[in-house]
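Taking it in order: structure first as structure tokens, then the write-up.
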Amino acid sequence: MSFKSFSDFMPRQDILSFAVLALILLVVLPLSLDIFRLNLVGKYLTFAFVAVGLVLCWGYGGILSLGQGVFYGLGGYALAMFLKLESSDPESTRIQSTPGIPDFMDWNRITELPWFWEPFHSLTFTVIAIIVIPSLFAYLIGVAMFKRRVGGVYFAIITQAIAAIMTILIIGQQGYTGGVNGITDLRTLKGWDIRSDFASYVFYFLAVVLLFVCLFLAQYIRRSKLGRLLVAMRGQEDRVRFSGYDVANFKIFVFCVGASFAAIGGAMFTLQEGFMSPSFVGIVPSIEMVIFCAVGGRLSLVGAVYGALLVNFAKTVLGETFPELWLFAMGLLFIGVVMAFPNGLAGLYNSYVARYVDRLLDKVFGPQRSSDAYRPASSDTVPPAAPGLRQNSTSPTEGAIS
Amino acid sequence: MTAGSNTDFVLAVEGLTVSFDGFKAVNDLSFYVDENEIRVIIGPNGAGKTTVLDLICGRTRATAGSIKFRNQELTKLKEHDIVKAGVGRKFQNPSIYGDLTVFENLEISYPTGRSVFGALTFKRTDAVVQRIEEIADMIFLKDQLHTEAELLSHGQKQWLEIGMLLIQDPTLLMLDEPVAGMSVTERQQTAKLLRTITKDRSVIVIEHDMQFVAEIADRVTVLHQGRILAEGTAEKVKADPKVVEVYLGH
Amino acid sequence: MFSEYSATELGSILAMQGFAGLILFAVFVLMALGLAIIFGQMGVINMAHGEFMILGAYVTYLTSNLFANHFPDLFGSYFFFAMAFAFIATALLGALVEWGMIRFLYHRPLDTLLATWGLSLILQQTYRSLFGAREVGVVIPDWLMGSYRITDFIEIPINGIFVMILAIVVTFIVYLLMFRSSWGRQVRAVVQNRPMAGAVGINTARVDRLTFALGCGIAGVAGSAFTMIGSTGPTSGQLYIVDTFLVVVFGGAASLLGTVASAFTISQSQSALEFFIGGSMAKVLTLMFVVIILMFRPQGLFTLKVRR
Amino acid sequence: MAIQDKTAKAMPAGKRRFGGLLALAASMMLATTVVAKPPTAEVNTTNLAVTDDTVRVGILHSVTGTMAISEAGSVQAEILAIEQINAQGGVLGRKIEYIQEDGASDWPTFAERARKLLRQDRVAAVFGAWTSASRKAVLPVFEQFNGMLYYPTFYEGLEQSPNVIYTGQEATQQILASIDWLAQEKGAKTFYLMGSDYIWPRTSNKIARIHIEEKLGLRVVGEDYFPLGHTNFNSTINRIRLRRPDVIFASVVGGSNVAFYRQLKAAGIDLSRGDITLLTISVTEDEILGIGGENIEGAYASMKYFQSLDNPNNEAFVKAFKERWGENSVIGDVTQAAYLGPWLWKEAVERAGSFDIDKVRAASPGIELTTAPEGYVKVHENHHLWSRARIGRALRNGQFEVVHETADLMEPDPFPAGYQ
């Protein structure tokens, strides 16, 4: 443990916000929603994983990835491959020309399971692959880009191109990937029906628990020296470099962390919905994932979860009642969080609510004691100006190298 | 590329050249810095002063020539390895972390936990806190430790950046215009600060203010169009007619 | 694979294929020029660039209806009016967007990216509400849809020639504006040193607005021309955006010449690959090629090494 | 939570005019059903949304997003059919209420909305899904909650779910007859296959290739795929020029269609002059609106329905459709297939005497529809429709002229032996 005291790791406001979130996700929602609605919330939560990862990458690290869908997809596909193999046993696929392989392969005249599918017979391998493959891919991209100091806008555009490439590949190589339909019709996990109401409850709580694991990991990173280094790098990358740090390594690290969070989210989606499809991998879903993070507040972990929940909830509600308005709403949201509320919900909370809560906490528990004497006590406190405002890349060419 | 010779100097720059699209910003430059020497580099705008510092700390890569720091070739090292070897550099515009407090600024510069894993497991021990307070005292910022660095005055930011270098205890300290934009009192305080910190280490300073230069320099190097125009004590350089012509004369 | 064809056939195919590459090149140049101005000169990432193009296409559609109904005699030449209207309409919208949004976001390129993405969603839905979800069929005058038969085998599409000439003309005008006019000098001055430009009396706000409007206007002209070769629907613009950005970034953002050179490289390789390995894999390989090159030369292929 | 309930009751009286045949049939039906209205407890034992007066169904298509263009016609056709059925007295004496959900061109959203329709709204049937991907996404939901889906689009086959009635053609129905026709009538020897890069074109071309090479002993001289949304076809057109096929067999979809036909014409390959024979399985009257009739004139399309079909059923249907949705509406193959959905469901419910899904399913095979605009159709054991295959030649005005029609109904064969 690298903190002197628990309050260094979690200041009082953070404990409060984590606790409130836990209360909402573990008690309030399960008690007040039917399984259909709860299942929807579970689906929204899978995007919260991505958003939390983006808080680290973008909010703290200043790395805006427009390709998080790729990692979400990789995680989701890894699990979907395992589940598909389980449901493609020779018995239930006996009408195929080649029994025992997934149905879409059979349609594409593939007569043998491709080598890269083989390991996905093992659940252990799959669980490891869900984390490792996306992280490895992120590592490769990270090394290639950050070691060469590709950053800012260029990184965003290149990740976007990677998302485009992945989509075309998945759709084009349908014999190996299921194509545009994705990998569908997943029914059981180790013989256990994943579509029952009971399974839905289990997966919902599993998603919440995993989300909290990710939140705590992210909180640890945020509150560690690495978190402060990221903030430092965002404004003065050269200063950090000339203080003896290999800046690229830190960027690669958070990018990998963000990727693995996204992958866990994708895997949880597969588990809850019973399919995975390339429609999560492309450019549009990837950029939508950024908005979840931006709405919550790009510097707030808990905010990201609320952002993902609220935007998706709004999408469902507006989609049901005024489908035509949804795009307008989404468009305004993008413009709004950039121009009017750069720190999202968390920013609003910090400006208007936090101090009252702090005062209340002071009254109830007495003033906060902490060894962290050099940092204001409140949680995701952000400087008055938006973080983006101080980014000092003045011309695109300079931005490329920053 | 010249191999460069082994010497007793802290820093030996030999045949250093860098060209940007044919324009030689630094042209076949050689100079040597002694242990505990304070070397001031002066020269008109565009003479290549900042580029020399950029080359030494690895921000710009040399086209030809060698830079040896305690006989270790720097031209091939990565920036962070040059820092770890013991070279610290302050930028022309104060470059500090505005979103962090003075304490955190200094803490980040504290020379442990520089790897990813190290940064994750870095612990704010009493020794760290003590060292930070010590440095803060030296750079006149002891009462500002809680303050976010963005809120400091321009002069205080310059000091903070110097403090961030001091905490690393570098063997060679390079300062790019450390008193630019400072008030007279700040300037005096800075001169005092420089005198304390230059004990036990070599320093290269880029400066325009000749009075300040005369006050601190052991030796002065005058650059003009990427070449050395003159070198020697402040008095000698001031008296050199070539220098007067290109630089001081205006 | 060529053994079964005669030498003349192969020669003709080579010529045709070269021409196909040139058409794609012209298309890329038209797509990317506006963006290169906005991104290269102003540092703004305009994700709504495709939607500006589609606005140009819709204006063309409206113009064609107008001429068909009211000036049927002039229908053959409506396309020129349409391009002018398209330029005016998109440039006006561009100026409006700059005034209402972009000017608050200079020096925050990532934020312009998100905000303009939002704008693109709003524009898409607006088009859908106004023109319907369906693609509209823009009727092209007959003289633009034919082809010149040179030999039995070589036929040159007239709309391809039209697009190419248009690309040359637009590039030339942009070149004159940026490098041979006092306005262009102002733009470049603002790019290089904004406070100084302001200090010597250049109205930087006005220069910004005009630059953005010009970039959007060129998008409008491009969109107008593309009604001859592509579809015009609310979401058609999104198809172009990644390609366009890659062309600009690959060329090196600050250089117009780089944009043209990169459009040439990408179009020729994509066109040739398409011929040999088919559309889908050609696209993947071209994108990968560009991404990999960009990793090695993040500043773009055609920019000079500069001191940072 | 607000639900978009557009009940047919709210429909203005002026809209309730239909063609002669249907109106006649309606009044007769009305008379019979009012008399014999079975009690709710009897016709609904599985807790579906059925009351004494109403029965609730769902319509699930994309209203927004890229697919909204294509799916709009299906929504209109389904609503029209439901309104006509209600005007005749409904199903088992109950008026149909429909809940329309938006799949937003996004497969996961389709799954989410399907779940809502089945679990929350407890609808007795769903008419919807358009792309294969959206059908694949909702299929597990329908199987899990035992719903009934009427799927209108011609598709690649390879599927046969107890919970789906496929009212469009499966691949062999669309492909085999058309290739036979090309070989016989057009004397085609060589074929160039091209399509957008996803499962339906690839599967269709696979079947086409097997039929061409193995059954007919002819040659395929090229096969080409393009990413969805691809707009540059000049290189392919050059390839086609070089290979000189007798027939281009095309399954390009969406915006790419527009680009393809425009560039083909601009390159001097004029279909109306008969420079080359092009047969498409992806262009209906709907798509021609975007492509422009002048650009595709002379191309052949293999479908089971064209708006120009000359029979009394179709005359009444087209008239009713235009009255309801405007004089400018066009009706493509899928729109007609979507129109069949509610009618087939009504017939099955009445035959079963119950809304229960299991009973409706059991009653479905063998259902005949003599009033279908495309003519007579019949539900096969495998839940697909027996129907005629037709070939139309595209005209400048955006309509097709039917040039060929199979003499017999073609048997649907979603898992064609020898074609896999």
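Scoring residue B:56 on the criteria (1) over 26 Å from residue B:241 (Cβ atoms); (2) over 15 Å from the mean Cα position of the chain (by Cα); (3) among the hydrophobic types (A, V, I, L, M, F, W, C) leaves a single failure, condition (2). In the range A:220-229 there is at least one residue that is of a type in the set (Phe, Trp, Tyr), surrounded by fewer than 23 Cβ atoms within 10 Å (Cβ to Cβ) and either outside any helix (DSSP H, G or I) or at the interface with chain B (Cβ under 9 Å from one of its Cβ atoms) (or both).
Scanning the range A:335-357 for residues being buried (at least 17 other Cβ atoms within 10 Å of the Cβ), aromatic (Phe, Trp, Tyr) and in a helix (DSSP H, G or I) gives a total of 1.
Yes or no, residue by residue, for (1) buried (at least 24 other Cβ atoms within 10 Å of the Cβ); (2) over 30 Å from residue D:198 (Cβ atoms); (3) in contact with a helix residue (DSSP H, G or I) (Cβ under 7 Å, 6 or more places away or on another chain); (4) within 14 Å of chain B (Cβ to nearest Cβ):
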{"position": "A:242", "(1), (2), (3), (4)": "yes, yes, yes, yes"}
{"position": "A:273", "(1), (2), (3), (4)": "yes, no, yes, no"}
{"position": "A:289", "(1), (2), (3), (4)": "yes, no, yes, no"}
{"position": "A:295", "(1), (2), (3), (4)": "yes, yes, yes, no"}
{"position": "A:310", "(1), (2), (3), (4)": "no, yes, yes, no"}
{"position": "A:315", "(1), (2), (3), (4)": "no, no, yes, no"}
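Inspection of the range C:208-223 identifies at least one residue that is at pLDDT 85 or above, within 14 Å of chain D (Cβ to nearest Cβ) and either in a helix (DSSP H, G or I) or more than 16 Å from residue C:120 (Cβ to Cβ) (or both). Taking the numbered list (1) more than 10 Å from chain D (Cβ to nearest Cβ); (2) under 25 Å from residue D:228 (Cβ atoms) in turn, residue A:206 passes all entries but (2).
Condition (residue is at pLDDT below 90, away from chain D (no Cβ under 13 Å), in contact with a Phe, Trp or Tyr (Cβ under 9 Å, 6 or more places away or on another chain) and assigned to a helix (DSSP H, G or I)) applied to the range C:229-246: is it met by at least one residue? Looking for residues that are at pLDDT below 90, away from chain D (no Cβ under 13 Å), in contact with a Phe, Trp or Tyr (Cβ under 9 Å, 6 or more places away or on another chain) and assigned to a helix (DSSP H, G or I), one finds at least one in the range C:229-246, hence yes. Looking at A:110, A:101, just one residue is in a loop (DSSP other than H, G, I, E, B), at pLDDT 90 or above and not aromatic (Phe, Trp, Tyr), and that residue is A:101.
For the range A:136-152, a residue qualifies if it is among the β-branched types (Val, Ile, Thr) and at pLDDT below 90, and exactly one does: A:150. Taking first residues from the range C:237-260 that are without any contact (Cβ under 8 Å) to a residue 40 or more places away in the chain and partners that are charged (D, E, K, R) and crowded, with 24+ Cβ neighbours inside 10 Å, no Cβ contact under 7 Å between residues at least 6 apart in sequence or on separate chains turns up.
When residues in the range A:177-193 are screened for being under 26 Å from the mean Cα position of the chain (by Cα) and either of a type in the set (S, T, N, Q) or more than 10 Å from every other protein chain (Cβ to nearest Cβ) (or both), 5 of them pass. Among the numbered conditions (1) touching a helix residue (DSSP H, G or I) at 6+ places or on another chain (Cβ under 7 Å); (2) surrounded by 23 or more Cβ atoms within 10 Å (Cβ to Cβ); (3) within 11 Å of chain A (Cβ to nearest Cβ); (4) in contact (Cβ under 8 Å) with a residue 60 or more places away in the chain, the only one that residue D:84 does not meet is (3). Can you name the residue in the range D:102-116 that is in a loop (DSSP other than H, G, I, E, B) and at the interface with another protein chain (Cβ under 7 Å from one of its Cβ atoms) and is also nearest to residue D:132 (Cα to Cα) among such residues? Once the filter is applied, the top-ranked residue is D:106.
Listed here are the residues, each with its yes/no results for (1) within 22 Å of residue D:111 (Cβ to Cβ); (2) within 11 Å of another protein chain (Cβ to nearest Cβ); (3) buried (at least 24 other Cβ atoms within 10 Å of the Cβ).
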{"site": "A:266", "(1), (2), (3)": "yes, no, yes"}
{"site": "A:322", "(1), (2), (3)": "yes, yes, no"}
{"site": "A:325", "(1), (2), (3)": "no, yes, no"}
{"site": "A:333", "(1), (2), (3)": "no, yes, no"}
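Could you check the range D:246-277 and list, in sequence order, the residues that are part of a helix (DSSP H, G or I), within 25 Å of the chain's Cα centre (by Cα) and among the hydroxyl-bearing types (Ser, Thr, Tyr)? Hits for the range D:246-277 are D:256, D:261. Any residue that is more than 22 Å from residue C:280 (Cβ to Cβ) and away from every other protein chain (no Cβ under 12 Å) - is there at least one of those in the range D:200-212? Yes, there is a match, as at least one residue in the range D:200-212 is more than 22 Å from residue C:280 (Cβ to Cβ) and away from every other protein chain (no Cβ under 12 Å). Quick one: how many residues across the range D:212-237 are touching a residue at least 24 places away in the same chain (Cβ under 8 Å), part of a helix (DSSP H, G or I) and surrounded by 23 or more Cβ atoms within 10 Å (Cβ to Cβ)? Of the residues in that region, 3 qualify. Screening A:205, A:255 for residues that are aromatic (Phe, Trp, Tyr), within 30 Å of residue A:6 (Cβ to Cβ) and surrounded by 22 or more Cβ atoms within 10 Å (Cβ to Cβ) leaves exactly one candidate, A:255. Just one residue in the set D:291, D:281 is touching a residue at least 60 places away in the same chain (Cβ under 8 Å), among the hydrophobic types (A, V, I, L, M, F, W, C) and surrounded by 20 or more Cβ atoms within 10 Å (Cβ to Cβ); that residue is D:281. The residue of the range B:132-142 that is farthest from the other protein chains (Cβ to nearest Cβ), among those that are surrounded by fewer than 17 Cβ atoms within 10 Å (Cβ to Cβ) and over 21 Å from residue B:187 (Cβ atoms), is B:134.
When residue B:83 is tested against (1) assigned to a helix (DSSP H, G or I); (2) over 15 Å from the mean Cα position of the chain (by Cα); (3) at the interface with chain A (Cβ under 9 Å from one of its Cβ atoms); (4) surrounded by 17 or more Cβ atoms within 10 Å (Cβ to Cβ), exactly one condition is not met: (2). Filtered by the rule that a residue be part of a loop (DSSP other than H, G, I, E, B) and within 12 Å of another protein chain (Cβ to nearest Cβ), the range D:278-296 gives a lone residue, D:292. In the set B:245, B:150, B:215, B:161, only one residue is surrounded by fewer than 19 Cβ atoms within 10 Å (Cβ to Cβ), within 17 Å of residue B:93 (Cβ to Cβ) and of a type outside the set (Gly, Ala, Ser); that residue is B:150.
Among the residues of the range B:93-106, those that are at the interface with chain A (Cβ under 7 Å from one of its Cβ atoms) and over 24 Å from residue B:206 (Cα atoms) comprise B:98, B:99, B:100, B:101, B:103, B:104.
Please verify whether residue D:133 is of a type outside the set (Asp, Glu), over 18 Å from residue A:316 (Cα atoms), within 14 Å of another protein chain (Cβ to nearest Cβ) and in contact with a Lys or Arg (Cβ under 8 Å, 6 or more places away or on another chain), treating the condition exactly as stated. Judged against the criteria, residue D:133 is not a match. Checking each residue of the range C:127-145 against the condition of being in a helix (DSSP H, G or I), at pLDDT 90 or above and surrounded by 19 or more Cβ atoms within 10 Å (Cβ to Cβ) gives at least one match.
The values are calculated or read from the model by the stated rules, or taken from the named source; none is laboratory data. Quantities reported herein were computed from a predicted structural model and do not represent experimental measurements. Positions of Cβ are backbone-derived with ideal geometry, glycine not excepted, and every protein chain shown enters the neighbour counts.
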